[in-house]
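J.: What follows is a single structure, and I will ask about it in a moment.
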Amino acid sequence: MKRRDCNFETMSTAELWDLYNELGSKLAVKLEAEANLLQQRLDEIQRRASLSPIGGTDKRKHAAVAKFRNPHAPFQTWSGRGTQPRWVKDALERGETMDSLRIKALVPQQDEETHSV
């Protein structure tokens, strides 16, 4: 880095102000060029990352299928994941079973013919 021999003490206010403006404009140009270079690097990294299957397949979370339904308020359902809802706890305390709360369409129907061998 080349250093100018400037004696700021002897410079007038106008000269100092001109120097300040010159430095500000040169700094802005350099910062803009550096920001553009960094953006190009980020774009290249992002392009390479999108082509690379390193992270595995893109698995997105989806809503879990409801497996249990409140018989007293059918709009209340639960997938069986996470904390049990209050209505499930209340039903179990009343003596109901998880099978009695299970949504019947999800339970595969077993034919009597397939079991009689």
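The values are calculated or read from the model by the stated rules, or taken from the named source; none is laboratory data. All figures in this text were calculated on a predicted structure; none of them were measured in a lab. Here the Cβ is made from the backbone with ideal geometry for all residues, glycine too, and neighbour counts use every protein chain on show.
J.: Regarding Thr83, is this residue modelled with pLDDT of 90 or more and in a loop (DSSP other than H, G, I, E, B)?
T.: Criteria met by Thr83.
J.: Limited to segment 59-80, what total is found for residues that are in a loop (DSSP other than H, G, I, E, B) and touching a helix residue (DSSP H, G or I) at 6+ places or on another chain (Cβ under 8 Å)?
T.: 7
J.: From the list Lys26, Lys67, exactly one residue is within 30 Å of Arg102 (Cβ to Cβ), surrounded by 10 or more Cβ atoms within 10 Å (Cβ to Cβ) and at pLDDT 90 or above. Which is it?
T.: The match here is Lys67.
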